[in-house]
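So the structure is just underneath, and the comments pick up after that.
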Amino acid sequence: MLAMNYRGPQRVRVSHKPMPEIKHPEDAIVRVTRSCICGSDLHLYNGNVPDTRVGMTFGHEFIGIVEEIGSEVHKVKVGDHVLVPFNIACGKCHFCRQGLYGNCHESNTQATAVGGIFGYSHTAGGYDGGQAEFVRVPYANVGPTVIPPDMDPDDAVMLTDVVPTGYQAAEMGGIQPGDTVVVFGAGPVGIMAARCCWLFGAGRVIVLDQYEYRLEFVRNYANCEVYNFKEMDDPVVFIKKITDWMGADVVIDAVGAEAAGSALQTITGRKTLLQAGSATALHWAINSVKKGGIVSIVGVYGPTDNLVPIGNVVNKGLTLRANQASVKRLLPRLIEHVQNGILNPKALITHRIPLEEAADAYRMFSSKLDNCIKPVLIPPSARM
Ligand SMILES: NC(=O)c1ccc[n+]([C@@H]2O[C@H](COP(=O)([O-])OP(=O)(O)OC[C@H]3O[C@@H](n4cnc5c(N)ncnc54)[C@H](O)[C@@H]3O)[C@@H](O)[C@H]2O)c1
Ligand SMILES: [Zn+2]
Ligand SMILES: [Zn+2]
């Protein structure tokens, strides 16, 4: 089968790999119909995630048709069109039972923090992902969810990550009616987070990024105020100034390890990898939130992180909340929001690219060329 194949930092290609096989009675094999590239894939692409092995297939945002099932799979059947949450979760462990599907204790036994994630290095279990024609889906009674017949597949693929992550970013912010929320990052995750803030009663939503085309998009899509941090001396002072010098009630970091805006952070966190990513947006979040405020972090950082202003976290009495999104926990509510038109996730998809051209897609998305917000890869069989 054709599959995206990681060859080293900034080098991906599409090549032939063996067909995935059922290895456990609860596995399913899914024939992919759509698979997105995510900002999280850029951390892998840029070589910033430890133990990203040559030969791995990325892709944790995919939907597809169930092709084959193991003897103990009863929740889905061959022929079902399913959306597959990016987290791999057993559904039974201590953490899954609390709805913490991103922190499953069984699907990534080498680690104690994150559970398994499709196509996300051996630090997240070493599972091949869905930027391929076929993918093995473990615990098929837990994650895969049949796509409602009236749902557009482009909306469905956004429900595997971007919609739940944006929603959970707003949810973890503990937004109170009338709150001012600042969102750092106008990628797909920040865009969705900004829109979801209104669902929790925000009174004012402000988004910062460096790309005008993304700011323009989020201004229309999420009806928010937007500012370009490249035009400011100091984004923290700017936010204080526009919030009566109080700071925002809630700040969301939807940027993560690839953050721009600080030469020191870029050199230590992105170029030399002396720390696990550039913590620029995190600094700005901690420093621009009100005393007693909440910082909600969905931007992804590596397993260790230094140079974070932890002293300010203490002195300001902040609540930090962070996690991988628990997709399965949120799906029932979010499927309704998509069906009712409250969220319109497919509007974020700007590019549809044949799977065979994945290398070009990575280059374009990584460099933010051609006004790209969200690219989706379409395997040959799904284009017929
Ligand atoms: N926690 C989760 O479950 C989860 C799920 C999906 C994605 N993520 C993470 O969310 C982050 C965003 O993902 P995406 O797909 O939107 O990525 P993206 O790369 O498309 O967007 C990131 C945006 O942040 C902007 N940016 C860079 N530095 C900034 C700064 N200092 N301040 C404000 N904006 C800045 C960039 O210009 C870009 O537009 C990534 O770190 C990704 O790994 C987390
Ligand atoms: Zn993703
Ligand atoms: Zn579990």
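The values are calculated or read from the model by the stated rules, or taken from the named source; none is laboratory data. Just so we're clear, the structure is a prediction, and the values are computed from it rather than from any experiment. Positions of Cβ are backbone-derived with ideal geometry, glycine not excepted, and every protein chain shown enters the neighbour counts. When the accessible area is computed, the model is the full protein with side chains, heavy atoms only, and any ligands, DNA or RNA have been set aside. Shrake-Rupley method; radii C 1.70, N 1.55, O 1.52, S 1.80 Å.
Worth pointing out:
- Those residues of region 235-249 which are more than 21 Å from Asn306 (Cβ to Cβ) and in contact with a Phe, Trp or Tyr (Cβ under 9 Å, 6 or more places away or on another chain), in sequence order: Pro235, Phe238, Ile239, Ile242
- Scanning region 76-111 for residues that are open to solvent by less than 10 Å² (accessible area, probe 1.4 Å), out of contact with any Ser or Thr (no Cβ under 8 Å at 6 or more places or on another chain) and touching a residue at least 40 places away in the same chain (Cβ under 8 Å) returns Val76, Cys96.
- Number of positions in region 80-101 that are within 16 Å of ligand 1 (Cβ to nearest atom) and closer than 17 Å to Gly130 by Cβ: 7
- Residue pairs meeting the criteria (Cβ under 8 Å; at least 6 apart or on separate chains; first free of Cβ contacts under 8 Å to residues at least 40 places away in the same chain, in region 1-20; second part of a strand (DSSP E or B)): Ser15/Leu2; Ser15/Ala3; Ser15/Asn5; His16/Leu2; His16/Ala3
- Of all residues in region 144-160, those being open to solvent by less than 10 Å² (accessible area, probe 1.4 Å) and part of a loop (DSSP other than H, G, I, E, B) number 3.
- Of all the listed residues (Thr272, Thr268, Thr280), the sole one being of a type outside the set (A, V, I, L, M), closer than 26 Å to Asn306 by Cβ and surrounded by fewer than 17 Cβ atoms within 10 Å (Cβ to Cβ) is Thr272.
- For region 297-384, the helices (runs of 4 or more DSSP H) that sit wholly inside it and include 1 or more residues that are in the same structural domain as Pro153 (by TED's automatic domain parsing) and open to solvent by 20 Å² or more (accessible area, probe 1.4 Å) are 327-339, 358-366.
- In region 85-120, the residues that are out of contact with any strand residue (DSSP E or B) (no Cβ under 9 Å at 6 or more places or on another chain) and within 16 Å of ligand 2 (Cβ to nearest atom): Tyr120
- Residue in region 273-289 that is in a strand (DSSP E or B), of a type in the set (A, V, I, L, M) and within 18 Å of Ala169 (Cα to Cα) present: yes
- Residue satisfying all of: in region 112-132; assigned to a loop (DSSP other than H, G, I, E, B), open to solvent by 10 Å² or more (accessible area, probe 1.4 Å) and in contact (Cβ under 8 Å) with a residue 24 or more places away in the chain; farthest from ligand 3 (Cβ to nearest atom) among these: Asp128
Per-residue answers, yes or no, for (1) more than 20 Å from Ser15 (Cβ to Cβ); (2) within 11 Å of ligand 2 (Cβ to nearest atom); (3) outside the structural domain of Ala156 (by TED's automatic domain parsing):
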{"site": "Thr33", "(1), (2), (3)": "yes, no, no"}
{"site": "Cys38", "(1), (2), (3)": "yes, yes, no"}
{"site": "Asn46", "(1), (2), (3)": "yes, no, no"}
{"site": "Pro50", "(1), (2), (3)": "yes, no, no"}
{"site": "Met56", "(1), (2), (3)": "no, no, no"}
{"site": "His60", "(1), (2), (3)": "no, yes, no"}
{"site": "Val66", "(1), (2), (3)": "yes, no, no"}
{"site": "Gly70", "(1), (2), (3)": "yes, no, no"}
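- Met172 vs. criteria surrounded by fewer than 24 Cβ atoms within 10 Å (Cβ to Cβ), under 19 Å from the mean Cα position of the chain (by Cα) and either within 11 Å of ligand 1 (Cβ to nearest atom) or not assigned by TED's automatic domain parsing to the domain that holds Gly129 (or both): yes
- Meets criteria (open to solvent by 30 Å² or more (accessible area, probe 1.4 Å) and either within 21 Å of Ala347 (Cβ to Cβ) or in contact with a strand residue (DSSP E or B) (Cβ under 9 Å, 6 or more places away or on another chain) (or both)) for Leu199: yes
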